[in-house]
1. Scan segment 112-129 residue by residue and report those that are modelled with pLDDT of 95 or more and out of contact with any helix residue (DSSP H, G or I) (no Cβ under 9 Å at 6 or more places or on another chain).
2. With the checklist (1) touching a strand residue (DSSP E or B) at 6+ places or on another chain (Cβ under 7 Å); (2) not in a strand (DSSP E or B) in hand, flag the one item residue 125 doesn't pass.
3. Among residues belonging to segment 78-93 that are surrounded by fewer than 17 Cβ atoms within 10 Å (Cβ to Cβ) and at pLDDT 95 or above, point out the one that is farthest from residue 153 (Cα to Cα).
4. Just the residues that are assigned to a strand (DSSP E or B), closer than 25 Å to residue 39 by Cα and over 16 Å from the mean Cα position of the chain (by Cα), please, taken from segment 174-190.
5. In segment 52-61, is there at least one residue being under 30 Å from residue 113 (Cα atoms), modelled with pLDDT of 95 or more and surrounded by 17 or more Cβ atoms within 10 Å (Cβ to Cβ)?
6. Go through segment 1-39 and give me each residue that's buried (at least 19 other Cβ atoms within 10 Å of the Cβ), part of a strand (DSSP E or B) and modelled with pLDDT under 95.
């Protein structure tokens, strides 16, 4: 199974994200080919990914769960969803995201999860952890000038804050012609 570790986003934040996605879509030029080149993340597919594991066998699953349980020990913390941007850049975007501002506790949790999974053979991240919520993916990485201008206008806007008390292990079930289904396997206190 394909698996990842993530923090769930509460309903009120999901509502704000859905509202902003609709706003961004409504402002795009009316060229059907432009709209087809953007895959907007569905409501149930937006979460704060802490670690993508990829394929996890049934035999490995118990070890993953056991190691994630050991990552607990921090305190709850508050995250603010604020601002928008592109990965890797606005010139060659592959992802359009909403930013996450949070305390060092978030980085500490990410480091604990990354280290625990590295001990099980899942490679540690070689990029700096940049917490974000993926709003859309682009089929072709070409400049998105309208989205870039709109996101600059909304730069400091907060979509809300939420308290994080747990993180979860999810299975990602790929479906032909539709978004992946995310099934929660287990949750762990921060």
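The values are calculated or read from the model by the stated rules, or taken from the named source; none is laboratory data. A quick note: this is a predicted structure, and the numbers were derived from the prediction, not measured. Because the Cβ atoms are built from the backbone with ideal geometry, glycine has one as well, and the counts that use them run over all protein chains shown.
1. 112, 114, 115, 118
2. With (1) touching a strand residue (DSSP E or B) at 6+ places or on another chain (Cβ under 7 Å); (2) not in a strand (DSSP E or B) applied to residue 125, the lone miss is (1).
3. Among residues in segment 78-93 that are surrounded by fewer than 17 Cβ atoms within 10 Å (Cβ to Cβ) and at pLDDT 95 or above, the one farthest from residue 153 (Cα to Cα) is 78.
4. Within segment 174-190, the subset assigned to a strand (DSSP E or B) is 174-175, 178-189.
Now restrict to residues that are closer than 25 Å to residue 39 by Cα: 174-175, 178-184.
Listed by number, the residues that qualify are 174, 175, 178.
5. Yes, the conditions are met somewhere in segment 52-61.
6. Answer for segment 1-39, where residues must be buried (at least 19 other Cβ atoms within 10 Å of the Cβ), part of a strand (DSSP E or B) and modelled with pLDDT under 95: just 38.
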